[in-house]
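To start, the structure itself, in structure tokens.
The values are calculated or read from the model by the stated rules, or taken from the named source; none is laboratory data. Please read these numbers as outputs of a predicted model, since none were measured by experiment. Cβ placement follows ideal geometry from the backbone for every residue including glycine, while neighbour counts extend to all protein chains displayed. Accessible surface areas use protein heavy atoms only, side chains included; no ligands, DNA or RNA. Shrake-Rupley method; radii C 1.70, N 1.55, O 1.52, S 1.80 Å.
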Amino acid sequence: MRRIGPFLVTPNPSPSWGWSTIVSLLAIAGALVAAGGVFWAYGVAPLVAYRTMAEGTFLDPRALPEVVRRAIPLLLVGSGLVLAFRAQFWNIGAEGQILSGAVAATGVALFSPLPPALLIPGMFVAGFALGALWAAVPALLRLRWGAHEVLTTLLLNYVAAYGVEWLVHGPWKGSSMMGFAYTDLFPEAAWLPLLGTTRMHWPTLALGLGWAIFGSVLLSRTVLGFEIRVQGENPEAARYAGIPATRTVLAVALLSGGAAGLAGVGEVAGIHHRLLSPGQISMGYGYAGILVAWLARGNPLGAIPSAFLLGLVFTSGDVMQVALQMPFRVTDVFNGLLLLFLVGSTPLLQMRIRRVSGAGGEAWTSSS
Amino acid sequence: MDVLLVTFLRALAFGTPLLWAALGEIVAERSGVVNLGVEGMMLLGAFFAFATAQLTGFPALGLGVAALVGGAAALVHAVVCVRLRGNQYVSGLALGMVGVGIAGLLGRGWEGTPLRTPLPELSWLTLSGLVLSGVVWVFLYHSRWGIILRSVGESPAAADAQGVQVFLVRYLAVGFGGLTAGIAGGFLSVAYRPSWTEGMTAGMGWIAIAITVFSGWDPLRAVAGSLLFGALFHLSFRLQGFVAPELLKMAPYLGTILVLTVATARRGAWWQEVPEALGAPYVRGER
């Protein structure tokens, strides 16, 4: 316990929602200041950068649909990863799982004999399945042989990216796309409907919102959710209680990989309508999804506002690219700094600060 | 015989950055801190080494700057997860993102330019990497300081009780890891492929971390690991006439997963060496 001026600071391992939000906002502010330093080093005055960002996002009504469009894959990936991280399964491979989903959707759209009405459902099912499979491999490698999933999931991102490169340059290269690394355009029955004149593919948005709610119910109301929480908080206790790690780890791997797969389906079926180079399908949504999950503080519903916030970061990246000729890498700087400040704010998060009356004593008493 | 020699030399050249990065990660992890930001630190090193060498004409100076930048980046990670007790995995990932982003941002104007004064591919840097692994080995297993470092990674509470400054040791170990990762990246941009391209490390930082695990946190076995993966990269390049290049590029990553799995499956021998306190933040007065 420590006393600073009129405030009493006590440890609090389970912070309230309000306090989490305050600390998160402080971390975001810190990241903004640090990013300002990077802009300055790049030769753009930080205030000019922030004004450009604000004008291009908050103050431009056309920007909102773009923010939501960016938030769709982030929401799916992030709310899936919340489950994985709750069970201490460090799935860093969402990027590859997104690409797997995109590949599966393309396969169904271009080469399956499904009738047009079933095309879109088929694409989502296939995308979920291949994304889940892409995550199940590292889960099994860990459960069976102890290979750490941080490395295996991450290395599989590179495998998936080169796999997509190979498909679009080789066997799936479009017949009408001379010289370009694209597949053929999907038939129109495989295009996701958009909301009005925006680029918001609403079926995927609905899936994302539904997924976050599903994850929340799963965690708080079901046996599997209970097992996931115990496994994550205390693996030893889980073992004594007879909760098999196999089941929880495999479940969260399948759920998080599948959700990322759905995000990949949304990107190709909702926006590009074809498979193209990996960097254009996912602009780092898999890595940013880690940030969404971390910002959600373990609650799948928390992924909704945090995906929206990250959508804002991505849209800002677009704005700065156009208005200030900055490379899109600026989103990586932002995302990384945000994540760094959020991780660094852990001790602050686990404190309770209360105002105590009668602050007449000495300002600093000994810390314990 | 000639083919073997060529393969060996190429493996040596490609293995050099892997070895430098892995040696630093071994030291950091021996102190109980995982740093997943190797890829970002390497890219920062690659960019700053290139920019310095291009501006001054001295590649060695570039490597020095790369080392400092890598070390500084690693210290950020150290502050976040040693002092502030943040999650080591997430902090390292964040550092990686920042490094990739900053290098990409600052390096935009230099994209694709060849370096005027490159170092030879096989040079004192390769040799000193081999020497360094011997030095780190002697340090870890046959010096007082090495015992202190390892005890911090095995049982920080016990080391603390013995009067060891746990935080200081971890700062130094993580900082050293950043230093070598910076040099590893610098080697890429001033010697191996004397130029700057965004994302030129292409996952080598992750492979270096895999070598750390594969080697069982042993610097001498890391030499073998680096040569193995260097050879794998070389072969994936050599076979391009026969298989689609994109599929060949997958090979080193798939190979890494395979080797990692085999290495960890052999629980009896190497895996036992995993530092006991790896990944766990140390809080004074607990346990």
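How far apart, in nm, are the 7 Å Cα→Cβ label points at A:R354 and B:V79?
With each label point 7 Å from Cα toward Cβ, the separation is 3.2 nm.
In segment B:78-210, how does Rg compare with the Kirkwood Rh, expressed as the Rg/Rh ratio over alpha carbon atoms? Mind showing how you got there, number by number?
Numbers: Rg = 17.9 Å, Rh = 17.2 Å.
That ratio equals 1.04.
Relative to the present Cα-Cα distance, how much length would full extension add between A:A54 and A:S16 at 0.36 nm per residue of separation?
In short, 10.7 nm is gained.
Under a 1.4 Å probe, what is the accessible area of segment A:218-257 per residue, stated in Å²? Don't jump to the answer; show the numbers that get you there.
On the way: 2100 Å² over 40 residues.
Here the residues of segment A:218-257 average 53 Å² of exposed surface.
Among B:W137, B:W217, what's the order by accessible area (1.4 angstrom probe), most exposed first?
Sorted descending by solvent-accessible area, the residues read B:W137, B:W217.
Pop out a list of residues from segment A:302-333 that are at least 20 Å² less accessible with all the protein chains around than in their chain alone; 1.4 Å probe, no ligands or nucleic acids counted.
The answer is A:Q325, A:P327, A:R329, A:D332, A:V333.
How far, in degrees from 0 to 90, does helix B:124-142 lean away from the longest principal axis of the Cα atoms of chain B, to the nearest 10?
Long axis of B:124-142 versus the principal axis of chain B: about 20 degrees.
Under 16 Å from a point 7 Å along the Cα-to-Cβ line of A:F214: which residues of segment A:49-89 have their amide N that close?
Only A:73-84 fall inside the zone, counting backbone N under 16 Å.
Rolling a 1.4 angstrom probe over the protein heavy atoms, how many square angstrom per residue are accessible across segment B:184-287? Before the final figure, lay out the partial values.
Details: 4380 Å² over 104 residues.
Per residue, segment B:184-287 has 42 Å² of solvent-accessible surface.
As I understand it, the value is the acute angle between the Cα axis of helix B:204-214 and the longest principal axis of the Cα atoms of chain B; what does it come to in degrees, rounded to 10?
50 degrees
Just grab the label-to-label distance for A:M178 and A:V223, each label 7 Å out from Cα along the Cβ direction, in nm (one decimal).
The modelled label-to-label distance comes out at 6.3 nm.
Whenever you get a sec, compute what percent of the accessible area on segment B:50-130 sits on carbon and sulfur atoms (1.4 Å probe).
Working: 2260 of 3120 Å².
C and S fraction of accessible area: 73 percent.
Run the accessible area of segment B:150-209 with a 1.4 Å probe and give the carbon-and-sulfur part as a rounded percent. Show your work: numbers first, answer last.
On the way: 1130 of 1830 Å².
Answer for segment B:150-209 is 62 percent, counting heavy atoms of protein chains only.
With springs only between Cα atoms under 10 Å, which of A:G257, A:G127, A:G317 fluctuates most in a Gaussian network model of chain A?
Evaluated over chain A, the most mobile residue of the options is A:G317.
Just the projected area, averaged over all directions, of the convex hull on the alpha carbon atoms of chain B: how many nm²?
On the way: hull surface 62.4 nm².
Projected over every direction and averaged, the Cα hull of chain B covers 15.6 nm².
For segment B:171-212, how big is the tail of P(r) above 18 Å, as a whole percent of Cα pairs? Walk me through the numbers on the way to the answer.
On the way: 268 of 861 pairs.
That tail contains 31 percent of the Cα-Cα pairs.
Using r as the Cβ-Cβ distance of A:L26 and A:A323, and R0 as 25 Å, what FRET efficiency do you calculate, to the nearest 0.05? It would help to have the intermediate numbers written out before the result.
Values: r = 28 Å, r/R0 = 1.12.
Rounded to the nearest 0.05, the efficiency is 0.35.
Inverting the mean 1/r over all pairs of different Cα atoms, compute the Kirkwood radius of segment A:42-106 and quote it in Å.
On the way: mean 1/r = 0.0680 Å⁻¹.
Hydrodynamic radius (Kirkwood, Cα only) of segment A:42-106 equals 14.7 Å.
In chain A, which whole DSSP H runs stretch at least 18 Å along their own axis (Cα) and average 0.0 or higher on the Kyte-Doolittle scale? Provide the component values of the computation, followed by the final result.
Values: long enough: A:17-42 (37 Å, 1.49); A:63-86 (33 Å, 1.27); A:94-111 (25 Å, 1.26); A:116-145 (43 Å, 1.43); A:149-169 (30 Å, 0.97); A:202-221 (28 Å, 1.14); A:245-267 (33 Å, 1.15); A:303-324 (30 Å, 1.52); A:330-344 (21 Å, 1.91).
What comes out of the filter, once short or polar helices are dropped, is A:17-42, A:63-86, A:94-111, A:116-145, A:149-169, A:202-221, A:245-267, A:303-324, A:330-344.
Classify segment A:66-141: rounded, prolate or oblate, from the alpha-carbon gyration tensor (a ≥ b ≥ c, eigenvalue square roots; a/c under 1.5 rounded; otherwise prolate if a/b is larger than b/c)? Can you show the working numbers first?
Numbers: a/c = 2.66, a/b = 1.49, b/c = 1.79.
Taking the square roots of the gyration eigenvalues as a ≥ b ≥ c, segment A:66-141 is oblate.
Once amide H atoms are placed 1.01 Å from N in the peptide plane, what residues at a sequence separation of 5 or more from A:L192, or on another chain, have their amide H within under 5 Å of its amide H?
A:G270
If packing is taken as the average count of other Cβ atoms within 10 Å, what order do B:48-56, A:11-19 fall into, highest mean first? Could the numbers behind the result be given before it?
Values: B:48-56: 22.8, A:11-19: 10.7.
Going from most to least packed, we get B:48-56, A:11-19.
How long are the semi-axes of the equivalent ellipsoid of segment A:222-293, taking √(5λ) for every eigenvalue λ of the Cα gyration tensor, in whole Å from largest down? Walk me through the numbers before you get to the answer.
Numbers: eigenvalues 234, 28, 15 Å².
Whole-Å semi-axes of the equivalent ellipsoid: 34, 12, 9.
With everything on Cα atoms, drop me the angle between helix B:219-238 and the longest principal axis of chain B, reported from 0 to 90° to the nearest 10.
30 degrees
For the protein assembly as shown, what is the Kirkwood estimate of the hydrodynamic radius, computed as the reciprocal of the mean inverse distance between distinct Cα atoms, to one decimal in Å?
25.5 Å
Once you have the Cα-Cα distance between A:T198 and A:W40, take 0.36 nm times their residue separation minus that, and quote the gain in nm to one decimal. Before the final figure, lay out the partial values.
On the way: separation 158, 0.36 × 158 = 56.88 nm, distance 3.40 nm.
Net length gain for the segment: 53.5 nm.
Per-residue mean of other chain beta-carbon atoms within 10 angstrom of the beta-carbon, peptide A:31-40?
Values: counts 2, 0, 0, 2, 2, 0, 0, 5, 1, 0.
Per-residue shielding by partner chains comes out at 1.
Accessible area per residue, 1.4 Å probe, Å², for segment B:1-51: what's the number?
Working: 1210 Å² over 51 residues.
Value for segment B:1-51: 24 Å² per residue.
Which of A:A102, A:A35, A:A241 moves the most in a Gaussian network model of chain A with Cα springs under 10 Å?
A:A241
In 5 Å bins starting at zero, report the fraction of Cα pairs in segment B:1-148 per bin as a rounded %.
For segment B:1-148, the pair-distance distribution reads 2, 9, 14, 18, 19, 17, 11, 7, 3, 1, 0.
Projected area of segment B:21-101, taken from the Cα convex hull and averaged over every viewing direction, in nm²? Numbers along the way, then the final one.
Working: hull surface 20.0 nm².
For segment B:21-101, the mean projected area of the Cα convex hull comes to 5.0 nm².
Which distance in nm do the two modelled labels at B:Y141 and A:E188 give, with both placed 7 Å along the Cα-to-Cβ direction?
Between B:Y141 and A:E188, the simple spin-label model gives 7.1 nm.
Have a look at B:A78, B:A22, B:A202 and tell me which one the Gaussian network model of chain B (Cα, springs below 10 Å) gives the largest fluctuation.
B:A202
How many percent of Cα pairs in chain A exceed 38 Å?
On the way: 15388 of 67528 pairs.
Cα-Cα pairs of chain A separated by over 38 Å account for 23 percent.
Roughly how much accessible area, to the nearest 100 Å², goes out of reach of solvent when B and A pair up, both sides summed, probe 1.4 Å? Each step should come with its number before you reach the end.
Working: alone 13260 and 17290 Å², together 26550 Å².
So the total buried area for this chain pair works out to about 4000 Å².
I want to verify the translational diffusion coefficient of segment B:150-287 in µm²/s; compute it with Stokes-Einstein, Rh as the Kirkwood radius over Cα pairs, at 37 °C and 0.692 mPa s. Display every interim value, and only then the final one.
On the way: Rh = 17.4 Å.
In µm²/s, the coefficient is 188.
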